[in-house]
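Enquirer: Okay, handing you the structure first.
The values are calculated or read from the model by the stated rules, or taken from the named source; none is laboratory data. Quantities reported herein were computed from a predicted structural model and do not represent experimental measurements. Here the Cβ positions follow ideal geometry from the backbone for every residue, glycine too, while neighbour counts run over all protein chains shown.
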Amino acid sequence: MRIQDCQILELPKISDPRGNLTFVEGCKHVSFGINRVFYLYDVPGGADRGGHALKTCHQFLIAISGSFDVILYDGRDTRRIHLNRSYNGLYLPPMIWREMDNFSSGSVCLVLASEPYREADYFRDYNSYLKAISETAS
């Protein structure tokens, strides 16, 4: 996969004077069925999250509250994306290394995943990730 495969997607937004509503449907607003949902919150100032790539799992990240940056690597290119709208999300295909930083106070990152958690699906060592993508490219 390449960084170009990572996309910001706009979600439906129903505006109402009483408050806005946004929703996500698997295989409609995101290209995969949603099999796991988790969220990051209370991230201390200056902390980083992520620092891994997934072998087969697709993910969709949403800044439900506040903001944060997602830094993407594909072995050749790097891209930093700032998420700060609850009606936008970032689609991440498998085999993209991601790191997250610059969390604002009170930020919440919602993650929708195509697969249940499996530790075997993770590359947590960057050099192992680089080796795997170079073998795939050969």
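Enquirer: Six or more apart or on different chains, Cβ under 6 Å: which pairs go from a residue in the stretch 117-128 that's among the aromatic types (Phe, Trp, Tyr) to one that's surrounded by 12 or more Cβ atoms within 10 Å (Cβ to Cβ) and not in a strand (DSSP E or B)? Could you list them?
Expert: Partner pairs satisfying both residue conditions: Phe123/Tyr129.
Enquirer: Taking the stretch 18-32 on its own, how many of its residues are surrounded by 13 or more Cβ atoms within 10 Å (Cβ to Cβ) and either within 25 Å of Tyr129 (Cβ to Cβ) or in contact (Cβ under 8 Å) with a residue 60 or more places away in the chain (or both)?
Expert: The total comes to 6.
Enquirer: Additional query: Could you list all residues from the stretch 12-28 that are of a type outside the set (S, T, N, Q) and part of a loop (DSSP other than H, G, I, E, B)?
Expert: Pro12, Asp16, Pro17, Arg18, Gly19, Phe23, Val24, Glu25, Cys27, Lys28
Enquirer: Separate question: Test Arg76 against the criterion of being closer than 20 Å to Ser134 by Cα, of a type outside the set (S, T, N, Q) and more than 13 Å from the chain's Cα centre (by Cα), and give yes or no.
Expert: Here the answer is yes, as Arg76 does meet what is asked.
Enquirer: Go through the stretch 29-77 and tell me which strands (runs of 3 or more DSSP E), entirely inside it, have 3 or more residues that are of a type in the set (Asp, Glu) and modelled with pLDDT under 95.
Expert: none
Enquirer: Let me ask something else about it. Just to be sure, is Leu9 in a strand (DSSP E or B), in contact with a strand residue (DSSP E or B) (Cβ under 7 Å, 6 or more places away or on another chain), farther than 27 Å from Asn127 by Cα and of a type outside the set (D, E, K, R)?
Expert: Yes: the conditions hold for Leu9.
Enquirer: Oh, and also: Which numbered condition in (1) at pLDDT below 95; (2) buried (at least 16 other Cβ atoms within 10 Å of the Cβ) is the only one that Ser107 fails?
Expert: (1)
Enquirer: With the requirement that a residue be small (Gly, Ala, Ser) and outside any strand (DSSP E or B), what does the stretch 78-108 give you?
Expert: Of everything in the stretch 78-108, those that are small (Gly, Ala, Ser) and outside any strand (DSSP E or B) turn out to be Ser86, Ser104, Ser105, Gly106, Ser107.
Enquirer: Just give me the residues in the stretch 67-100 being more than 30 Å from Ile14 (Cβ to Cβ) and surrounded by fewer than 16 Cβ atoms within 10 Å (Cβ to Cβ), in sequence order.
Expert: Arg76, Asp77, Thr78, Arg79, Arg80
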